[in-house]
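Since the structure comes first, as structure tokens, the remarks are kept for the end.
Only the coordinates and a few stated rules stand behind these numbers; no lab work does. Predicted model, so just to flag it, every value in this text is computed and none were measured. Heads up, the Cβs are rebuilt from the backbone with ideal geometry, glycines too, and the neighbour counts pull from every protein chain shown.
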Amino acid sequence: MEPRISLITLGVSDLDRAVHFYRDGLGFPTTVKQNPGVAFFLTGGTRVALYPFESLANDLGVPAARGGSPGITLAHNTRSKEDVAEILAQAVAAGAKEVKPPHDTFWGGHVAYFTDPDGHYWEIAWAPMFTFADDGALMLE
């Protein structure tokens, strides 16, 4: 696994309000408003995404009730679809707990989820709309 965090996804209760806060309130630049129902913000190297809390819990396959989804996932984007399973296996071998096995998504990607030993949720994702710059930075096409 390359040492980087590609995308930090924050679960939000009201996407429009959250977009207004980050875009208009804090001045985070955004190139994609909703794809569908998610907003991406450009930050230095790492991207921030806002995603409805219930949708995030559904993607993880955990209850949206308090104590189910933490409302945040750390994401590591891969260079190929096959890398998702390999990195998940590497994480599990290192002590992670598999939450959801590698699977194709409705948006055309391929993802898996695990928790680290402290219970933090991670998404391993291959997303065809992302490419990598020479320095390894994630680029949204």
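Numbers below:
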read-out	value
For peptides 114-121, 54-61, 71-78, sequence by mean Cβ density within 10 Å, most packed first	71-78, 54-61, 114-121
Relative counts (whole %) of C-alpha pair distances in the chain, using bins that are 10 Å wide	12, 43, 37, 8, 0
Unit charges on C-beta of K, R, D, E only; dipole of the chain, Debye	280 debye
